[in-house]
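The values are calculated or read from the model by the stated rules, or taken from the named source; none is laboratory data. Note that the structure is a prediction, hence the values are computed from the model and not measured. Heads up, the Cβs are rebuilt from the backbone with ideal geometry, glycines too, and the neighbour counts pull from every protein chain shown. Surface accessibility is based on the protein's heavy atoms, side chains included, excluding ligands, DNA and RNA. Shrake-Rupley method; radii C 1.70, N 1.55, O 1.52, S 1.80 Å.
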Amino acid sequence: MSIKIAPSILSADFGRLADELQAAEQGGADWIHLDVMDGHFVPNITIGPLVAAAARKATRLPLDAHLMISDPDRYIRPFVDAGVDSITVHAEVTPHLHRTVQEIRNAGARAGVAINPGTSQELIREIIPFVDLVLVMSVNPGFGGQKFIEASLGKVRRVRALLEESGRGDADLQVDGGVTTANIRQLREAGATVVVAGFAVYNQEATVAENVARLKTAASPA
Ligand code: DX5
Ligand code: ZN
């Protein structure tokens with residue numbers, strides 16, 4: 001099973017965002033990952049629906065909005081109206097996760113649920129039947145360019161087992177944070193179907209296309 005690459009714009013040059021999105025699209029990326037942060041749920045502030053709408057005009061790739069915000073319900077409709085294809089919310093921010101997931105789907109987007117490194121996959125057991133994607137954070141959310149938390153690999157295996165056990169082998173399992181050519185194959189083998197890559201794609205060492213190609217090559221079976 002091949003793995004999808006979703007570059008995170010967090011490490012891109014925001015002064016040339018359209019070019020950076022085009023480079024990802026032409027470089028073979030599968031999705032674009034939009035890291036939305038409110039400075040409350042995480043210690044950083046990034047973008048909102050306005051930038052998502054600008055991204056929508058710059059690329060045909062699916063836009064994958066990762067809402068690291070305390071009150072996601074308020075922003076489902078604005079992000080769907082901006083043109084995002086999927087919305088992922090953190091299980092840690094609401095006791096009404098089932099309602100939020102239903103709202104995302106009713107608004108016409110794919111629904112994802114994310115868990116932080118310190119959150120057990122047991123927290124999302126009951127919502128698994130209702131989502132299209134589970135996002136396993138492999139760094140503490142808030143910043144790009146962080147080091148991959150090694151314990152995440154075991155968690156990916158546990159989430160994969162949970163998906164299969166729940167009859168949701170069809171759902172995407174996305175890993176987000178510190179993904180590089182050094183760990184992407186292990187993540188695919190552990191059951192990930194999508195990886196987010198910020199610094200591994202947008203860095204000074206190589207072009208976006210070269211970095212995407214390196215990740216795809218590193219991910220393929222030995
Ligand atoms: C962190 C974000 C991640 C991050 C990934 O809060 O959710 O998407 O930008 O960037 P890298 O791949 O550089 O860790
Ligand atoms: Zn993210």
Checklist entry - Given the pairs Lys57/Lys216; Lys57/Lys147; Lys4/Lys155, which are separated by over 24 angstrom at their Cα positions? => result Lys57/Lys216; Lys57/Lys147
Checklist entry - For the range 4-219, what relative contact order do you get, as a whole percent, if you take Cα pairs closer than 8 Å and at least 6 residues apart? => result 21 percent
Checklist entry - Considering amide H positions built from the backbone, and no H for Pro or chain starts, which residues 5 or more places from Phe148, or on another chain, come under 5 Å of its amide H? => result none
Checklist outcome for this item: So the FRET efficiency between Phe130 and Thr180, C-beta based with R0 = 30 Å and rounded to 0.05, is 0.40
Item to check | Computed label-point distance, nm, for sites Lys57 and Asn140 using a 7 Å Cα→Cβ extension | outcome: 3.8 nm
Checklist outcome for this item: One finds, for His96 and Asn44 with R0 = 25 angstrom and r their Cβ-Cβ distance, a FRET efficiency to the nearest 0.05 of 0.50
Checklist entry - So how many Å³ per residue does the convex hull of the Cα atoms of the chain work out to? => result 109 Å³
Next on the checklist: Per DSSP helix of 4 or more residues, -39500 (n - 2.57); summed, then divided by the residues of the chain. What does that give at 222 nm, rounded to the nearest 500?
Outcome noted: -9500 deg cm²/dmol
Checklist entry - Given the options Ser152, Ser166, Ser11, which has the most mean-square fluctuation in a GNM of the chain, springs set between C-alpha atoms less than 10 angstrom apart? => result Ser166
Checklist entry - Which residue, Asn211, Asn116, Asn203, has the most motion in a Gaussian network model of the chain that connects Cα atoms within less than 10 Å? => result Asn203
Item to check | Rounded accessible area per residue of the chain, 1.4 Å, Å² | outcome: 43 Å²
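What is the ratio of the Cα radius of gyration of the range 19-130 to 2.2 N^0.38 Å, with N the residue count, to two decimals?
Relative to the rule-of-thumb radius for its length, the range 19-130 sits at 1.06.
Roughly speaking, what is the stretch gain from Ile149 to Glu210, that is 0.36 nm per residue apart minus the C-alpha to C-alpha distance, in nm to one decimal?
On the way: separation 61, 0.36 × 61 = 21.96 nm, distance 2.49 nm.
Stretched out fully, the Ile149 to Glu210 stretch lengthens by 19.5 nm.
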Checklist entry - When DSSP assigns beta bridges and you keep just the ones with both residues in the chain, what percent turn out antiparallel, to the nearest 5? => result 5 percent
Checklist entry - Taking 0.36 nm per intervening residue step and subtracting the Cα-Cα distance, what contour gain separates Asn106 from Ser120 on full extension? => result 2.3 nm
Checklist outcome for this item: Applying the gyration tensor rule to the Cα atoms of the range 102-162 (axes a ≥ b ≥ c; rounded if a/c under 1.5, else prolate if a/b exceeds b/c, else oblate), the class is oblate
